[in-house]
Amino acid sequence: MAFKFKGGVHPDYRKHPEIPVTVIAPPPQVVIPMAQHIGAPCTPLVKKGDVVKMYQKIGDNPAPVSAPVHASVSGTVVAVEPRPHPLGDMIMSVVIENDFQDTPELMEPLTEAQLKDPEAILQRIREAGVVGMGGAMFPTAFKIQSGRGKVDTLIINGAECEPYINGDHLTMLNHPDELLKGIELARIAQGVDKVYYGIEKNKQDAIDLLNSKIAGKYNIEIVPEGTLYPQGGEKMQIKTITNREVKPGGLPAGVGCCVISTRTAYAIYQACCEGKSVVERIVTVDGSAVAAPVNAMIRVGTSFGYIAEQVGGFVRTPRKIVLGGPMMGICATTLDAVTVKGTAGVLFFTEDEDRTVEEPVCIRCGKCINVCPMRLEPTYMYQYYKKRDFEMLEKYHVTDCIECGSCTFRCPARMPLTHAFKTAKLLLQAKAAKEKAKAEAAAKEARK
């Protein structure tokens, strides 16, 4: 067990799991985006003037790849309109004026019989709006359902390899019994006999604690993993634990695996055993623009500006707001944007963390190739991106890039490699959509 994947880097992790979780008071107003998952966005189920309760479902979509969203506070709906989304778009959102009562609307916890019924568990996971809370935000119920009959290995991802982020580690330490119960429920829903829990060795305290709880009670095997970024990548977890490799363009289910994050497993427990939908999570707030790092329990729909105020304000003017970790995180464009289910970190960086250089030049050192965990050739991909040579970009498998940022981190010339590959994939998608529309138009014309 514990095989090795190719490449990887060793960033300064800058983690502070010793800092206890602080509960940040919910803001006077929350903005709940109708898109907090991969797939079809939700349609609002409430209108302006409606009174809602905490945990109440306020948006849904019957599409298979979707997940409902819920109110993170109780209060009055004051607007249903597009608002800034952390991804940069204006997304339809429900704005709730907080009455500071947190009046709950909980679901009934599942019965003992239902807790052994895969269908009942799946239905509850879906109804509670559980998604991949490691950042991908893929609807968990659909992920498990679509893998049935294909998946023989369930993997819980406890690597949490991104610098700064501490939420999963703290969940292991603070809620071990609930976490293990959530993993057991995921196992039953997936229909497998055993679960593997991959945790990096820099969390030895969590490994020891969980092992002490597992013995004789759960069929879960903890796999201590090397501390190497991007160990927390889905494909890296599969390689490390099973030695299987997901083929280019393939999915984990194609090699018999399903990977679920630590926080997602805990959310499954809360949904099934406490009747709670996903309305809050641990968010690490850090960066040189704030006075000190904070691990905070924050409600979904809380603005970044409010978060900054609650942790003591800015000690320096931030140059960048990064959501998630610094390796794979995305940059927010406004303090008015809000946290969503996948927001594991909000990092306020100043120029101290800025590695940007004007007009970088590749020195052909090949270090980006050595560290790429997907066995790609970033130096060539970048050149073809600059030339907009889509044929060669596809030939060099740019779509297999997992955007882990290892190549950019290791590049001595500070080439914007990861950003280029993100853009290249978007350009390829736009090109494919344009060609499809053109073909459909031609077919329609031919039928006349």
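Points worth noting:
- For the listed residue pairs Lys213/Lys422; Lys6/Lys425; Lys395/Lys436; Lys48/Lys444; Lys4/Lys425, the alpha carbons are over 32 angstrom apart in Lys213/Lys422; Lys48/Lys444.
- Ratio of Rg to Rh for segment 168-211: 0.99 [Cα atoms; Kirkwood radius as inverse mean 1/r over pairs].
- Kirkwood-type radius of segment 1-85, with distances r between different C-alpha atoms, in Å: 16.4 Å
- FRET efficiency estimate (nearest 0.05) - Cβ-Cβ, Gln383 to Val65, R0 45 angstrom: 0.80
- Since only Gly39, Val52, Pro11 are under comparison, the one whose Cα sits farthest along the positive direction of the charge dipole of segment 1-59, derived from C-beta charges on Lys, Arg, Asp and Glu, is Gly39.
- Within the accessible area of the chain (1.4 Å probe), percent carbon and sulfur: 53 percent
- Heavy-atom surface of segment 1-153, accessible at 1.4 Å and reported per residue (Å²): 48 Å²
- Set the Cα radius of gyration of segment 21-70 against 2.2 N^0.38 Å, with N its number of residues, and you get 1.30.
- Length-normalised contact order of the chain in % [C-alpha pairs under 8 Å, at least 6 apart]: 18 percent
- Taken one residue at a time, the phi angles of segment 404-418 give Karplus couplings (6.51, -1.76, 1.60, θ = phi - 60°) of 6, x, 4, 5, 5, 4, 8, 5, x, 8, 6, 5, x, 5, 4 Hz. Gly and Pro are set to x.
- Charged-residue dipole, Cβ positions (Lys, Arg, Asp, Glu), the chain about Cα centre, Debye nearest 20: 1680 debye
- Potential lengthening between Asp102 and Lys422 on full extension [0.36 nm per residue; Cα-Cα distance subtracted]: 111.2 nm
- Around the Cα centre of segment 37-146, unit charges on the Cβ atoms of Lys, Arg, Asp and Glu (plus for the first two, minus for the last two) sum to a dipole of about 260 debye.
- Cut-off 17 Å (backbone N to label point 7 Å along Cα→Cβ of Glu358), residues of segment 407-435: 414-416
- At full extension, Glu274 and Glu435 could sit 53.1 nm farther apart than now, given 0.36 nm per residue minus the alpha carbon distance.
- Across segment 322-448, Cα pairs under 8 Å and at least six residues apart give a relative contact order of 22 percent.
- Computed E for Asp177/Gln204 - FRET, C-beta separation, R0 22 angstrom, nearest 0.05: 0.70
- Rounded to 5, percent antiparallel among DSSP beta bridges of the chain: 60 percent
- Candidate values [x] 17, 33, 28, 15, 7, 0; [y] 18, 37, 32, 10, 2, 0; [z] 24, 58, 18, 0 were compared with P(r) over Cα pairs in 20 Å bins from 0, in percent computed on the shown model; the agreeing label is [z].
- Three-way shape call for segment 225-384 based on the alpha-carbon gyration tensor, with the a/c threshold at 1.5: oblate
- Averaging the sequence gap over all C-alpha pairs within less than 8 Å and six or more residues apart, then dividing by the number of residues, gives segment 110-219 a relative contact order of 29 percent.
- With DNA, RNA and ligands ignored, accessible area of Cys404 (1.4 Å probe; Å², nearest 10): 10 Å²
- Positive dipole terminus of the chain, leading residue within Met392, Ile220, Cys411 (C-beta point charges): Met392
- The order of Arg414, Arg263, Arg364 by accessible area, most exposed first and with a 1.4 Å probe, is Arg364, Arg414, Arg263.
- Amide H contacts of Phe138 (H built 1.01 Å from N, in plane; Pro and chain starts excluded): Ile38, Gly132 sit under 5 Å, all sequence-distant by 5 or more or on other chains.
- Spin-label model, Val51 to Lys217: label points 7 Å out along the Cα-to-beta-carbon direction sit 4.2 nm apart.
The values are calculated or read from the model by the stated rules, or taken from the named source; none is laboratory data. Bear in mind the structure is a predicted one, so any value in this text is a computation, not a measurement. FYI the Cβ positions are ideal-geometry reconstructions off the backbone, even for glycines, and counts take in every protein chain you see. Each accessible area value is taken on the protein alone, full model and side chains, heavy atoms only, with ligands, DNA and RNA left out. Shrake-Rupley method; radii C 1.70, N 1.55, O 1.52, S 1.80 Å.
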